[in-house]
Number of protein chains: 2
Amino acid sequence: MKQFSQWTQPEKDAFHQKALADYQAYKSKGLKIDMSRGKPGPEQLCLSDALYHSVDEQHYKSEDGTDCRNYGGLLGISETRQLFADILGVKKENVIVCGNASLTLMFDYIGQCMIHGCGDKPWCRQDKIKFIAVVPGYDRHFSLAEYYGIELVNVPIHEDGPDMDMVEEIIKDPSVKGMFCVPKYSNPDGYTYSAETVRRLAKMEPAARDFRVIYDNAYVVHDLYDETDSLLEIFSEAEKHGHEDNFIEFASTSKITFPGAGVAAIAASERNIAEIKKRLTSQIISYDKLNQLRHSRVLRDMDDVKAQMKRHAAIIRPKFEAVLDILEKELGGLGIARWTHPRGGYFISLYVEQGSARRVGELCKEAGLTLTPVGATYPHGVDPEDKNIRIAPTFPSVEELKICAEILCAAVRVACSE
Amino acid sequence: MKQFSQWTQPEKDAFHQKALADYQAYKSKGLKIDMSRGKPGPEQLCLSDALYHSVDEQHYKSEDGTDCRNYGGLLGISETRQLFADILGVKKENVIVCGNASLTLMFDYIGQCMIHGCGDKPWCRQDKIKFIAVVPGYDRHFSLAEYYGIELVNVPIHEDGPDMDMVEEIIKDPSVKGMFCVPKYSNPDGYTYSAETVRRLAKMEPAARDFRVIYDNAYVVHDLYDETDSLLEIFSEAEKHGHEDNFIEFASTSKITFPGAGVAAIAASERNIAEIKKRLTSQIISYDKLNQLRHSRVLRDMDDVKAQMKRHAAIIRPKFEAVLDILEKELGGLGIARWTHPRGGYFISLYVEQGSARRVGELCKEAGLTLTPVGATYPHGVDPEDKNIRIAPTFPSVEELKICAEILCAAVRVACSE
């Protein structure tokens with residue numbers, strides 16, 4: 001098939017007219033669909049109904065006899081620490097289980113570095129603090145950094161992870177204090193860092209003595225297919241170079257059980273766990289251990305976790321595939337867009353012609369389809385090339401998604417031929 | 001009765017011998033009892049058994065139809081905001097309901113002032129920040145301040161609240177940025193601020209433009225008797241002077257339902273709520289709404305709350321009274337100690353002879369009784385007069401408490417006559 005750029009003007013005009021007609025037809029339907037957030041759908045939430053019944057007046061003690069109703073147990077209950085240790089491939093002693101939000105744990109950890117530092121002066125007493133933002137990436141990482149006044153330096157992601165040549169260059173600047181990573185099924189591309197990338201991350205020798213990677217393993221077990229991406233465990237690699245203090249890992253059950261009522265965890269080196277524990281002593285008496293117990297009684301081990309994730313995949317895989325099919329059918333072979341084919345995670349990343357992503361967003365909005373705000377996958381909401389669109393296919397039904405994808409494709413066709 | 005100080009030396013010697021014999025008798029029993037923390041006892045926890053069953057696969061939506069399992073609802077669900085509004089006597093719009101720990105909300109709020117300030121430069125960019133510590137007070141307020149490098153200035157509490165003459169003097173120093181208050185059934189004395197004290201707090205004109213009272217209303221409904229202390233609502237008073245931004249109020253269900261698995265809330269002015277909300281946007285997607293719903297289905301209104309608190313009082317009032325009876329019997333009329341008679345809250349405050357509190361703590365410890373570390377009710381764990389001992393009577397059984405109180409009294413008698 002001849003690519004769009006090679007068409008004659010009359011061919012392009014005809015294409016535009018057809019695209020516009022398709023788009024108008026959808027627009028006239030007065031739809032209202034939200035495909036903006038990586039939010040599980042209601043069918044997925046029902047997979048965790050057992051949580052309601054897993055603790056009660058007979059079952060409120062953890063395996064070591066702790067009364068989960070009362071105060072105490074700053075680092076979380078033993079079995080839930082073990083569960084996250086298994087999920088992340090680390091030791092229980094290196095895990096703290098907390099409340100329902102891993103974002104909060106990242107926010108709090110960076111707050112700790114601001115106030116007390118991590119191997120040098122407190123960040124709030126240093127002139128300028130910079131972090132590497134792997135882009136496109138997760139909007140809330142960026143807004144968290146912005147909250148703390150941290151300047152973000154963009155590094156593009158490739159299929160095997162962040163551009164490590166660039167990373168290794170940028171960290172020669174001692175004001176670069178850290179980096180946000182989503183190493184598995186990255187948000188939004190769905191890329192998993194290769195073994196080589198993980199090894200290079202582990203090997204990094206930043207100029208800053210107080211460098212921390214916010215290693216957000218949000219999709220660590222979130223496979224869509226039996227054939228899964230595999231990710232090298234970061235701490236074992238980092239330890240080879242004595243760099244284990246440079247990484248703070250985060251995970252949660254938000255997309256395993258209930259997004260709003262799950263359990264989140266931190267994994268870190270012994271020294272970092274001790275520092276975090278010192279802060280927690282001033283911050284909280286104990287996190288919600290009943291909810292930790294609720295989870296550990298339902299997700300007893302990795303077999304339970306894997307079985308649960310297979311049930312999720314059975315629901316959301318058809319949603320991903322419905323979108324991918326339509327993208328291929330409507331935009332395939334034209335050379336006007338490319339998109340990712342993730343084997344896990346929560347997003348498909350769509351790249352349109354440079355300078356047209358915002359226009360696509362506007363057209364979708366006018367037709368009643370809410371996308372993730374175009375640009376949100378970059379710091380300050382500005383995609384320098386205005387190309388990237390994050391597709392979040394989990395919440396709408398398959399039927400709705402097909403319509404979403406059709407509208408989106410029509411909008412892409414309109415925008416590129418305008 | 002003649003007071004101890006007026007006794008002859010032989011009388012004092014005999015008293016000491018008797019005290020020592022009593023103390024040794026307890027010590028030889030090899031007991032091990034913990035009376036260190038304000039922790040509800042297991043019978044109290046059973047009062048909240050209904051929470052296990054108040055949400056399930058049929059009941060997961062809040063009254064406005066929000067799916068509490070999923071993401072969303074940054075400020076908490078409507079009915080739980082209303083519940084805390086009723087508890088605190090404020091409007092729902094001025095309340096945010098959060099996770100399980102009010103201490104965390106205070107920690108986070110002070111963190112916000114450190115990073116972004118509250119009407120002046122960020123606190124972390126100012127030279128020195130001081131807070132007023134009303135003493136004796138809550139150890140975790142002090143350790144929180146210490147975490148942030150905030151210097152604490154002691155102001156003594158009287159039966160009607162903090163010494164307001166001193167407070168009004170100290171806030172003329174512009175580096176004094178705030179104050180910790182437990183206005184009702186204060187920790188550890190159990191004093192409730194008088195209407196006059198609340199009015200003077202509301203009227204304060206601190207030199208600092210960025211002054212905040214951490215108004216920790218931890219025991220707002222925690223009455224032991226039908227005749228309760230009453231506390232003037234702070235925001236209505238503050239509004240009369242345009243000072244409503246100076247106060248951030250905190251409360252939780254930790255001692256209403258489950259200490260480790262309750263719901264905490266912030267009440268604040270419209271402007272402060274907007275500032276806090278801005279921070280929360282970077283910090284969390286939403287708090288655990290299922291747990292909020294769980295609570296609001298069991299505690300539907302103030303009648304439910306009051307009934308629940310009466311059930312708590314029925315369990316812990318006899319514990320307070322057992323201790324008070326023994327204090328009176330063993331130490332009454334001797335002029336060697338005084339103690340408070342709270343109508344609510346979680347503590348009795350015991351004042352022994354100047355310079356002997358730590359000795360009492362040591363003696364108790366040697367006899368197997370763990371008290372709150374003596375001095376913990378003062379910043380840096382140092383009671384300048386070494387007089388105050390916090391008694392936490394809620395966790396042990398009445399039988400254990402009687403033994404605790406006997407040991408404690410024996411230790412006081414030994415220490416004062418050594």
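The values are calculated or read from the model by the stated rules, or taken from the named source; none is laboratory data. These numbers come from a predicted model, not from an experiment. Heads up, the Cβs are rebuilt from the backbone with ideal geometry, glycines too, and the neighbour counts pull from every protein chain shown. Just so you know, the surface numbers come from the protein's heavy atoms only, side chains and all, with ligands and any DNA or RNA stripped out. Shrake-Rupley method; radii C 1.70, N 1.55, O 1.52, S 1.80 Å.
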A:I77 vs. criteria surrounded by 20 or more Cβ atoms within 10 Å (Cβ to Cβ) and in contact (Cβ under 8 Å) with a residue 12 or more places away in the chain: yes
Residue selected from the range B:26-55 under the condition over 24 Å from B:S252 (Cβ atoms) and either touching a residue at least 12 places away in the same chain (Cβ under 8 Å) or at the interface with chain A (Cβ under 8 Å from one of its Cβ atoms) (or both), by the criterion most open to solvent (accessible area, probe 1.4 Å): B:K32
Residues located in the range A:235-266, provided they are assigned to a loop (DSSP other than H, G, I, E, B) and closer than 30 Å to B:T66 by Cα: A:T253, A:S254, A:K255, A:I256, A:T257, A:F258, A:P259, A:G260, A:A261, A:G262, A:V263
Residue list for the range A:171-188, filter: in contact (Cβ under 8 Å) with a residue 40 or more places away in the chain and not in a strand (DSSP E or B): A:I171, A:D173, A:S175, A:V182, A:P183, A:K184, A:Y185, A:S186, A:N187, A:P188
Checklist (1) closer than 25 Å to A:L74 by Cα; (2) within 14 Å of chain A (Cβ to nearest Cβ) applied to B:G137, failing item: (2)
Options B:Y191, B:Y138; residue that is in contact (Cβ under 8 Å) with a residue 40 or more places away in the chain and either touching a Gly at 6+ places or on another chain (Cβ under 7 Å) or open to solvent by 40 Å² or more (accessible area, probe 1.4 Å) (or both): B:Y191
Residues of the range A:108-121 classified as in contact with a strand residue (DSSP E or B) (Cβ under 7 Å, 6 or more places away or on another chain) and open to solvent by 10 Å² or more (accessible area, probe 1.4 Å), total: 1
Condition check for A:G117: among the small types (G, A, S), out of contact with any helix residue (DSSP H, G or I) (no Cβ under 7 Å at 6 or more places or on another chain) and in contact (Cβ under 8 Å) with a residue 24 or more places away in the chain: no
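Residue by residue, here is whether (1) more than 22 Å from A:A251 (Cα to Cα); (2) within 13 Å of chain B (Cβ to nearest Cβ); (3) open to solvent by 20 Å² or more (accessible area, probe 1.4 Å) holds:
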position: A:Q58; (1), (2), (3): yes, yes, yes
position: A:D64; (1), (2), (3): yes, no, yes
position: A:R69; (1), (2), (3): yes, yes, no
position: A:G73; (1), (2), (3): no, yes, yes
position: A:Q82; (1), (2), (3): no, no, yes
position: A:D86; (1), (2), (3): no, no, yes
position: A:V90; (1), (2), (3): no, no, yes
position: A:A101; (1), (2), (3): no, yes, no
position: A:M106; (1), (2), (3): no, yes, no
Residue in the range A:229-240 that is open to solvent by 10 Å² or more (accessible area, probe 1.4 Å), more than 30 Å from A:H341 (Cα to Cα) and of a type in the set (A, V, I, L, M, F, W, C) present: no
The range B:239-291, subset closer than 16 Å to A:A261 by Cβ and aromatic (F, W, Y), residue nearest to the other protein chains (Cβ to nearest Cβ): B:F258
Pair list, Cβ under 8 Å, 6 or more apart: the range B:343-363 residue farther than 12 Å from B:V412 by Cβ and open to solvent by 10 Å² or more (accessible area, probe 1.4 Å), other residue part of a strand (DSSP E or B) and of a type outside the set (S, T, N, Q): B:R343/B:D223
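Conditions (1) over 30 Å from A:Y148 (Cα atoms); (2) under 20 Å from the mean Cα position of the chain (by Cα), marked per residue:
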| site | (1), (2) |
| --- | --- |
| B:L74 | no, no |
| B:I77 | no, no |
| B:I87 | yes, yes |
| B:W123 | no, no |
| B:Q126 | no, no |
| B:V153 | no, yes |
Hits in the range A:244-274 (condition: open to solvent by 20 Å² or more (accessible area, probe 1.4 Å) and closer than 27 Å to A:F211 by Cα): A:E244, A:D245, A:N246, A:E270, A:R271, A:A274
Among residues of the range A:377-386, those that are part of a loop (DSSP other than H, G, I, E, B) and either among the β-branched types (V, I, T) or buried (at least 19 other Cβ atoms within 10 Å of the Cβ) (or both), counted: 5
Residue satisfying all of: in the range B:141-163; part of a loop (DSSP other than H, G, I, E, B) and within 23 Å of A:W123 (Cβ to Cβ); most open to solvent (accessible area, probe 1.4 Å) among these: B:G149
Residue match in the range A:225-234 (condition: more than 15 Å from the chain's Cα centre (by Cα), part of a helix (DSSP H, G or I) and modelled with pLDDT of 95 or more): yes
Selection from the range A:281-335 of residues that are within 25 Å of A:I266 (Cα to Cα), in a helix (DSSP H, G or I) and open to solvent by 30 Å² or more (accessible area, probe 1.4 Å): A:T281, A:R297, A:V298, A:M302, A:D303, A:K306, A:A307, A:K310
Residue among A:V221, A:V198 that is part of a helix (DSSP H, G or I), of a type in the set (V, I, T) and surrounded by 18 or more Cβ atoms within 10 Å (Cβ to Cβ): A:V198
Scan of the range B:201-217 for residues that are open to solvent by less than 30 Å² (accessible area, probe 1.4 Å) and either of a type in the set (S, T, N, Q) or assigned to a loop (DSSP other than H, G, I, E, B) (or both), ordered by number: B:M204, B:P206, B:A208, B:D210, B:F211, B:N217
Criterion violated by A:M166 - all others in (1) part of a helix (DSSP H, G or I); (2) within 14 Å of another protein chain (Cβ to nearest Cβ); (3) open to solvent by 10 Å² or more (accessible area, probe 1.4 Å) satisfied: (2)
Residues that are surrounded by 13 or more Cβ atoms within 10 Å (Cβ to Cβ) and among the hydrophobic types (A, V, I, L, M, F, W, C), drawn from the range B:1-25: B:F4, B:W7, B:A14, B:F15, B:A19, B:L20, B:A25
Residue match in the range B:387-406 (condition: in contact (Cβ under 8 Å) with a residue 40 or more places away in the chain, open to solvent by 30 Å² or more (accessible area, probe 1.4 Å) and over 24 Å from B:L224 (Cβ atoms)): no
